[in-house]
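The next block holds one structure in the form of C-alpha cells; read it before the comments.
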Number of protein chains: 2
Amino acid sequence: MTEAPCPRQVVVIGAGLIGTSAALALRRGGTGVWLWDADPAAVALAADLGAGQVLGTIDGSDGPAPGRCDLALLAVPPAEVAPVLARAQRAGLARWYTDVASVKAMTLARAREAGCDISRYVPGHPLAGRERSGPAAARADLFLGRAWALCPAPETSEAAVAAVTSMVTACGAEPVVTDAGTHDRWVALVSHAPHVVAAAMAAQLSRPSVPPEALALAGQGLRDATRIAVGDVDLWTQILTGNAAPVAAVLAEVAAGLADAARVLAGITGSGSPGAPAPEAGKHLALLLEQGRAGVARIPGKHGGPARAFTAVQVVISDRPGELARLFTAAAEAGVNIEDVGIEHSPGQPVGVAELSVRPDSAGALIAALAAGGWPVRR
Amino acid sequence: MTEAPCPRQVVVIGAGLIGTSAALALRRGGTGVWLWDADPAAVALAADLGAGQVLGTIDGSDGPAPGRCDLALLAVPPAEVAPVLARAQRAGLARWYTDVASVKAMTLARAREAGCDISRYVPGHPLAGRERSGPAAARADLFLGRAWALCPAPETSEAAVAAVTSMVTACGAEPVVTDAGTHDRWVALVSHAPHVVAAAMAAQLSRPSVPPEALALAGQGLRDATRIAVGDVDLWTQILTGNAAPVAAVLAEVAAGLADAARVLAGITGSGSPGAPAPEAGKHLALLLEQGRAGVARIPGKHGGPARAFTAVQVVISDRPGELARLFTAAAEAGVNIEDVGIEHSPGQPVGVAELSVRPDSAGALIAALAAGGWPVRR
C-alpha cells in the first residue's frame, strides 16, 4: 500500500451523526470539507457547527471544480450508497470514494450492479455511533480509537485504499482491512444480532398486559441492555435484511440458548415452595452465565477512546428559575470552563444534584468558588 | 398504614454493596447503624466508610440490647434470608425485619418454613445496583429516586410495613407495595430475563471460532447490551432458579421472537447479491424493531416516567467561560425553568450545542429570549 497524505479536500454526502462527526474531525486536521444533505436544515446545522461549507447540489456544481476533491465520503443509509455513488462518480465529484454503511457485501454488489467504478471505491464502515442521531449529536472525537473497517474489492486500486486509509487515520480511527464477507459475519455477531436481541427483549415490555408499575421496577441494567433497540427502524431493517444470512445464524444460536434456559427453568418444581431447585438446572444456567461472562470479557475496552478524563463536581441545587444561571456565573467568575453538566433530580424534591465536569486542574477552583457561594459541593 | 418515624437504630446484616449503601444513607439521616457481615474485612471496610458500628456477632450480643433496635435489614443472598431471619428473630435482634433479595415468593416461603414470625417481616427488594459489588462500591445515594418494592404477606403487621416504609424513604427510595407473586413476575420481566438474554448473546462472543479481530469491531452498543451479563454467577443462579417459572415464561417468548426473526432472515435469498430482499421479511423485522422501541419507551426515565414530556431546545454556544452563565441568565430573565441540560461539545471545536429541556409551554419564551440574545437556536 502506498503512503498517502491526509486528503486536502473532502466532500461529505450526508450530514447525519457519522458524516458530520467525520467532517468535524477532518476540519480539525486542516482538511477542506464540503457538505451535502437532502435535508437543508441538517446541513445548515452541520455548517453552523463548523463542519464545512454547504454544497448546493449533490453534483457539486457550486462547489470545488470536478476532480478537485480528493475524496467523497458517502455517509448515507445502506440502500442509498450505490445510487449516490453512481451519481457522484458520473459528476466526477472526487478521485476516490468510500461509504460508511454497516453492511458491505450487499453495498458492493449493488455498486457493481449500478456500474460504479469499483477501482476508485473502498467500501468502509466506522464502528462508532451514539444513541442520538443527527448533526447536533456529532463529535469530532467520535472515531477516536475506534475501529474503521475497510473492505477493498479485488478491483479496488491501492491508491484508493491509501487515500481512504489516510482519511480514516485523520479521523483518529484505527483502520481494519478485511473483505466484505468476513466483515459482514463479524458485525452480524458484534452489532446486528445484538440489536435484534435487545429489540426482542424490549418488545416484551411493550405488551398491553404489562402494567406501568412493572416498568417502575426497571433499573439501570434493563436500560443499558435495551438501549440499542431505540435505533431507527427503517435503517435497521435495511441493515438486517442486507446482512440476512450471517445475522440469522447468530440469532438462531441465541434463540436456542434461551429456549434451552427456559425449558430448564420451567422444569424446576417448587420455586416459591419449600422444595430445593434441581441442582442440574442450576448447573445448566451457571454454565450459560459463565459463557456470557467470558464473552463480555473478550470485548476490548475503550483503548484510546475519547480521552476525556474530566473531574466531576457534584453540587446540590434548588429547583427554581435562575439557580443554574447563578451556578454557572459563579463558575465563570472563577474562570472555570464547564465541559459537561448533568442534572439528577427526583420528582417532587425541592433540590437536585448538578454534576459539573471540568478539567482536573480546575476542580479545586470550582469547588472553592461554589463553596464560597454557599452551595453544598463535593468532588 | 400508620405513620412511623425514621428508625433510630438499625442493624444491617451483610455489608455488601446494598447493605453498606443503605447504612450510609441511614447514617446521613441520623439513624444509628450496627453492621454485621460473615467477612470481617468487608464489615471493617464498611465501618471505615462511615456506615456504622461493627457488631461482633450476628446475634448482637455485643451490640445494642435485644429489642433496642427498631429494624434489621438483611442484605444477604436470597438463599440466606430465611436462616438469617430465623436466627436474628430468635436472638430478638430487632422489632421489625426486612430483606433485599430480588426473589420474594421463594424467600417468604422459606421464612415460613423456618418458623419465622412473619408478622414482623416485610419482604423487600430495592431496585438499585451497580456493576461493582462490595462495600467499596457503596454509595449513600444508590437508592435516590429508585423504586424499593415491599411485599407484605397477609400476616405482616401494619406497624412492620410502616417501619420498613420509613426506612426505605429515609434511604431516598420510592416504596412500591405489591404482593410477592406479582413482584416476582414483574422483576422476571424487567431484571431476571434481561440478564439471561444478555448472557445468551454474550455467550456467542466466547466461542473459540470467533477471532479477536471480530471483537475489535465491537462498539458501545454491544458493551451496553451485554454489561449486565458480568453479574456474579452464583448469586444469579440462585435468583433465576428461585424465580424459575416467571423467568422461563419471558425467556420462552424472547426465544420464540428471535427464532422467528432468524427464520425470516434465513428465508431472504440474495443478500450480498443484486436481488432485492423480500419485502415481507422486512415488514416482519420492522414490526419486531417497532415493538422493541415501544418497549424501551415505556421504561421510565430519570424524571420518573414518560409522562413528563419536556421540549428540547438546541442552542449553538461557544466554548468559553461564562457562555453557559449568560445562557442560563437569559433563560432565568425570561422566567423559564430549565429542567435538564445536556452539552454536546467536541474537544477542540470552538462551538458546541446545549440542549435545554423545558416544559412545552415554556419553549416559545425560551426560544424568543435566546434568539433575542443572539444565539442560534432550534427547537
Q | Single match in B:A170, B:A109, B:A138 (criterion: without any contact (Cβ under 8 Å) to a residue 12 or more places away in the chain and in contact with a Ser or Thr (Cβ under 8 Å, 6 or more places away or on another chain)) | A | B:A109
Q. Which one of A:I239, A:I228 is within 27 Å of B:V264 (Cα to Cα), within 7 Å of chain B (Cβ to nearest Cβ), part of a helix (DSSP H, G or I) and within 21 Å of the chain's Cα centre (by Cα)?
A. A:I228
(Q) Among the residues that make up segment A:57-75, is at least one of them at pLDDT 90 or above and in a loop (DSSP other than H, G, I, E, B)? (A) yes
Q: Scan segment B:150-172 for residues that are under 17 Å from the mean Cα position of the chain (by Cα) and open to solvent by 40 Å² or more (accessible area, probe 1.4 Å) and jot them down.
A: B:T169
Q | Extreme residue, most open to solvent (accessible area, probe 1.4 Å), among residues of segment B:34-50 that are touching a strand residue (DSSP E or B) at 6+ places or on another chain (Cβ under 6 Å) and under 16 Å from B:A137 (Cα atoms) | A | B:A47
(Q) Conditions first: (1) open to solvent by 30 Å² or more (accessible area, probe 1.4 Å); (2) modelled with pLDDT of 80 or more; (3) more than 7 Å from chain B (Cβ to nearest Cβ); (4) over 30 Å from A:A173 (Cβ atoms). A:A276 passes all but one, so which condition is the exception? (A) (2)
(Q) Quick check on this structure: which one of B:A72, B:A101, B:A114, B:A88 is open to solvent by 10 Å² or more (accessible area, probe 1.4 Å) and among the hydrophobic types (A, V, I, L, M, F, W, C)? (A) B:A114
Q.
Just checking, does segment B:183-204 include any residue being out of contact with any helix residue (DSSP H, G or I) (no Cβ under 6 Å at 6 or more places or on another chain) and surrounded by fewer than 22 Cβ atoms within 10 Å (Cβ to Cβ)?
A. no
Q: Out of the residues in segment A:117-149 that are charged (D, E, K, R) and over 20 Å from A:R27 (Cβ atoms), state the one that is surrounded by the most Cβ atoms within 10 Å (Cβ to Cβ).
A: A:R120
Q: Could you list, in sequence order, all residues of segment B:280-311 that are more than 7 Å from chain A (Cβ to nearest Cβ) and at pLDDT 80 or above?
A: B:E280, B:K283, B:H284, B:L287, B:A297
Q) Quick one: is B:P350 surrounded by fewer than 16 Cβ atoms within 10 Å (Cβ to Cβ) and either under 30 Å from A:G29 (Cα atoms) or at the interface with chain A (Cβ under 7 Å from one of its Cβ atoms) (or both)? A) yes
Q) Just wondering, is there one or more residues in segment B:208-215 that are more than 7 Å from chain A (Cβ to nearest Cβ), in contact with a Ser or Thr (Cβ under 6 Å, 6 or more places away or on another chain) and not in a helix (DSSP H, G or I)? A) no
Q) Among the residues of segment A:14-31, how many are open to solvent by 20 Å² or more (accessible area, probe 1.4 Å) and not in a helix (DSSP H, G or I)? A) 3
Q: Enumerate the helices (runs of 4 or more DSSP H) found wholly within segment A:94-204, keeping only those where 2 or more residues are within 7 Å of chain B (Cβ to nearest Cβ) and not polar (S, T, N, Q).
A: A:105-113, A:180-187
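The values are calculated or read from the model by the stated rules, or taken from the named source; none is laboratory data. If you're wondering where the values come from, they're calculated on a predicted model, not measured in any experiment. Quick reminder, even Gly has a Cβ in these numbers, built from the backbone with ideal geometry, and neighbours come from all protein chains shown. These area figures cover heavy atoms from the full protein model, side chains too; ligands, DNA and RNA do not enter into them. Shrake-Rupley method; radii C 1.70, N 1.55, O 1.52, S 1.80 Å.
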